[in-house]
Amino acid sequence: MCGIVGFTGEKQAAPILLDGLSKLEYRGYDSAGIAVRDGDAPAEVVKAKGRLKVLAEMLDDGKALPGTCGLGHTRWATHGEPSKANAHPHVSGNCTGSGSGAVESDVVGVHNGIIENYQEIREKLLRRGYTFYSDTDTESIIKLVDYYYKKYGIGPVDALTRTMVRVRGSYALAVMFKDYPGEIYVARKDSPLIIGAGEGETFLASDVPAILKYTRSVYYIGNLEVARLTPGEVHFFDLNGDEIQHDTVEIAWDSEAAEKGGFEHFMMKEIYEQPRAVQDTLNSVVKEGRIDLTSVGLTDEEIRDISQITIVACGSAYHVGVAAQYVIEELARIPVRVELASEFRYRKPLLDPKGLVIVISQSGETADSLAALREAKQRGVPVLAIVNVVGSSIAREADKVFYTLAGPEIAVATTKAYSTQLIACDLLAIQFGRVRGLLEEERYLALIAELQTIPNKISRVLKDKERIQWFAAKFANAQDIFFIGRGLDYAISLEGSLKMKEISYVHSEAYAAGELKHGTISLIEDGTLVIGVLTQDHLYEKTVSNMVEVKSRGAYLMGLTSYGHYEMEDTANFTVYIPKTEEYFAPSLAVVPLQLMGYYISVARGLDVDKPRNLAKSVTVE
Ligand code: G6P
C-alpha cells in the first residue's frame, strides 16, 4: 500500500512533502521518510519509524531540511518489518546504516507496490558489488535503475524503461538522479499515481488529497509509462522511450473536503457527511423523479439483455454487494452472485458473456478487485464499476462507471463511501426492474421518491448519537460482540461487525440469525453483547426468536429496528430505532448506529480511530 509524494518548484519542498504525506497516512503509517535536494547538492534523506508526526518533529515540520525538490513516503510494510532501515526513500549507493543523511547516491527513490522478483534482482546486484541495507523489495528496484543507468550510460528515462521490462509486480516509483537536479522521474504499473500541475511547480502523489491544497489540475499517468517532472512541466514517455501526450483533468473536490473541519476524527466527519454524499450520488442520476443511467453508459437494451450479475469486491464494498444481491434479485429478478474479489480471481468462475460483472470499490485501486475486473474482461464479460475515485485504475479499465460522489474518504474504516455504494446499487436495482418490466410506473416512481428521503432520514438517525455513545461506553471492555440478522439485516450485520472489529479491536462476528444454533450459540455467556438487526418485517419475528434464545443463555441484547416496533423493548435490553422506510433501503439507515457503535467503543478504548493498527485504506497488494 504506502503513499508517495513528490515536489519540484521554487518553494521549500520538505513542508509540502510532509503536508502531502499527512493526507496519505491512511495508506500506511508504520514509518515515513523524505529525501530533499538543495540545488545541485546530493539528496539528504531523513527517515523515522512510527507515525509521520515522529518524522515531522525531527524535521521541525520540514524547516530543518532545505531544498526545493524532493520525494516522500509513508509505509505499510510488506517486505521487511517496520523499521528505519526499511523505511523509504531508498538509495542506490553502498551506504552503511539505514540509508539516512546526505547520500552520495546516484539514484534515490520511493515506491508503492510490490516487486515480485526482487530476490532474483537482489542476488544479481549483490554479485555485481551492490550492498543492501534493508529487507525491502524497493531497494532492489532503486539499485537496478542505478545499474542500468551506469552500465549503458543512458539517460534516466531509458534506465527506467529497462528496469520496467526487467521487474515483475506493481509499482508507482519516483526517483531523483544526482546528475539531474530539480528533476523527478516516475514510472507506473498497476499502482496509483497522479501528477499535479502548478504554476512553475509540479507535484506527484498516490492520491488526490495530498495535492488538493496546491492544485486541482492533474495528469493521470498510464500503465507502463514514465514521466519527467521539472518545475511547471511534465513530459511523458512510453516503454520505448518515445514521448507521448497527456492532458490535465480538473478535480472537482475542494481542499477542505480532505481536512477534519472541526471534528475530532475523520471517521466522525465522514459519518456526518453521509446525507450529503448520498444526496449527491442520487442527484447524479435522478432527473425529474426518474433514473437516467446515461452518465453510466448503460442503455435499456443492454439492461434488458443481462442474463446474470456477478458482484465482486473486498471488505465493506463486498458487504454492499451482499445487500445488493437481495435488492437486485427481488426488484429486477436477475440472478446475482456476490463474491470476494480475492476468491473470484483464482476460481475460474463460470461467466456468461451476456452477464454483467459489477466491481465495487471506493479507491478504485484494490489489487484483488482490479485483478477480478481484468479476469472478467478477458473472458469477454462487460464490467460496470461503482467507484469513488475518478481516474482510478478500476474506473479507467471498466467498460462502464457509476461514480459515487462521496468525496475524499480519509478514515481507514469506510462510512460515507459504503453508503453511497449502497445507494448506487439501489438505483441500479430499481432501474433494472423498471426496464425489464417488473416494476409498474407508479411503484417505480414511489421507490425513487422514497430513496430521495434517505439523506434526511440518515440525518435523523445521527441525532440519536448521544444514546449510542452512552451505550458504547458501557461495553467498551467487551470481549466479544455478535451481530445477527436475516436477509438484508444479515448484510447490515456483516458491515456492523466489521466496523466494530477493525477500529475497536473487539472480537466480533456477524451471523445469519438462523445459523446461530449451528455452532455460534455455544460462545454466548453471561453478559455477551448480541446486537439483533430487525428492519425486515417478514423476518422480524424469526429474528426475535433467535434473540430470545441467546438471551436465555445470558446474552445482553441490543435491538436495532424501525420506529413502530416498540415491543422490541420487551425483548432487548437496549433499543435503537431508525425511521421507517421501504425495506430495501433500510440498510442505508441501520448501518449508521452501527458505525457510531464502532466509533464510540474505539474512542472509549482510547484507540486511534482513523488509523487502526495493521490496516491500510487502500489495499493495493494481494
Ligand atoms: C480496505 C478498507 C475498507 C474497504 C476495502 C476495499 O480494507 O479499509 O474500508 O472496504 O479496503 O476497498 P475499496 O477501495 O476497494 O472499496
Q: Read phi for every residue in region 256-263 and hand back ³J(HN,Hα) as whole Hz from Karplus 6.51 cos²θ - 1.76 cosθ + 1.60, θ = phi - 60°, with x for Gly and Pro.
A: 5, 4, 9, 10, 6, x, x, 7
Q. Going through region 114-152, which GluC sites (Glu not before Pro) have at most 15 other Cβ atoms within 10 Å and a DSSP loop state?
A. Glu116
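Summarise the accessible area of the chain (1.4 Å probe, protein heavy atoms) by the percent that is carbon and sulfur.
47 percent
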Q: Return the sequence-ordered ³J(HN,Hα) values of region 361-367 in whole Hz as given by the Karplus equation 6.51 cos²θ - 1.76 cosθ + 1.60 applied to θ = phi - 60°, using x for Gly and Pro.
A: 7, 5, 6, x, 10, 4, 4
Q | Accessible area per residue, Å², region 35-150 with all protein chains present, probe 1.4 Å | A | 37 Å²
Q: Please determine, in degrees from 0 to 90 and to the nearest 10, the orientation of helix 488-504 with respect to the longest principal axis defined by the Cα atoms of the chain, where the helix direction is its Cα long axis.
A: 40 degrees
Q) When we measure straight from the Cα of Lys457, which lysines land under 27 angstrom away, once same-chain ones fewer than 8 places off are left out? A) Lys260, Lys269, Lys287, Lys416, Lys465, Lys474, Lys499, Lys501, Lys542, Lys580
Q) What is region 361-475 by shape, rounded, prolate or oblate, if you read a ≥ b ≥ c off the alpha carbon gyration tensor as root eigenvalues and call it rounded for a/c under 1.5, prolate for a/b larger than b/c, and oblate otherwise? A) oblate
Q. With θ set to phi - 60° and the Karplus curve 6.51 cos²θ - 1.76 cosθ + 1.60, what are the ³J(HN,Hα) couplings of region 303-313 in order, to the nearest whole Hz, using x for Gly and Pro?
A. 5, 5, 8, 5, 8, 7, 10, 10, 9, 10, 6
Q) Can you give the accessible area per residue of region 426-548, in Å², using a 1.4 Å probe? A) 41 Å²
(Q) If DNA, RNA and ligands are ignored and the probe is 1.4 Å, what is the ranking of Leu224, Leu204 by accessible area, most exposed first? (A) Leu224, Leu204
Q.
For Val312, what residues show an amide H to amide H distance below 5 Å, using hydrogens built from the backbone and excluding near sequence neighbours?
A. Glu339, Ile358, Val359, Ile360
Q) Can you list the chymotrypsin sites (Phe, Trp or Tyr not before Pro) in region 512-615 that are in a DSSP coil and have 16 or fewer other beta carbons within 10 angstrom? A) Tyr563, Tyr566
Q) With charges set only on the Cβ (+1 for Lys and Arg, -1 for Asp and Glu), what does the dipole of the chain come to about its Cα centre, in debye to the nearest 20? A) 1040 debye
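Please give the contour-minus-distance gain from Phe263 to Glu81: 0.36 nm per residue of separation, less the Cα-Cα distance, rounded to one decimal in nm. Can you show the working numbers first?
Values: separation 182, 0.36 × 182 = 65.52 nm, distance 3.29 nm.
Full extension from Phe263 to Glu81 adds 62.2 nm.
Kirkwood Rh and Cα-based Rg: tell me the resulting Rg over Rh for the chain, rounded to two decimals.
Rounded to two decimals, Rg over Rh is 1.00.
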Q) Over region 398-502, what is the mean sequence separation of C-alpha contacts under 8 Å (at least six apart), divided by residue count, expressed as relative contact order in percent? A) 16 percent
Q) So what is the relative contact order for region 294-376, in percent, with contacts set as C-alpha pairs under 8 Å and at least six apart? A) 39 percent
(Q) Skipping prolines and chain starts, which residues have an amide H placed within reach, meaning under 5 Å, of the one on Val389, given they are 5 or more residues away or on another chain? (A) Gly364
**Q.** Accessible area, probe 1.4 Å, largest first, for residues Lys377, Lys617, Lys47
**A.** Lys377, Lys617, Lys47
(Q) Per residue, how much accessible surface does region 287-343 expose to a 1.4 Å probe? Answer in Å², no decimals. (A) 44 Å²
Q) Say R0 is 51 Å: what FRET efficiency, to the nearest 0.05, do Glu466 and Arg127 get from their beta-carbon distance? A) 0.20
**Q.** Distant-in-sequence amide H partners of Ile484 (H built 1.01 Å from N, under 5 Å)
**A.** Tyr511, Ile531, Gly532, Val533
Q. Between Leu607 and His518, what is the spin-label point distance in nm, taking each point 7 Å from the Cα along the Cα→C-beta axis?
A. 2.9 nm
Q. What percent do you get for the relative contact order of the chain when only Cα pairs under 8 Å and 6+ apart count?
A. 11 percent
**Q.** the chain: antiparallel DSSP beta bridges as a percent of all, rounded to 5
**A.** 60 percent
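The values are calculated or read from the model by the stated rules, or taken from the named source; none is laboratory data. Only a predicted model underlies this, so the values are computations on that prediction, with no experimental measurement involved. FYI the Cβ positions are ideal-geometry reconstructions off the backbone, even for glycines, and counts take in every protein chain you see. Heavy atoms of the whole protein, side chains included, go into the accessibility calculation; ligands, DNA and RNA do not. Shrake-Rupley method; radii C 1.70, N 1.55, O 1.52, S 1.80 Å.
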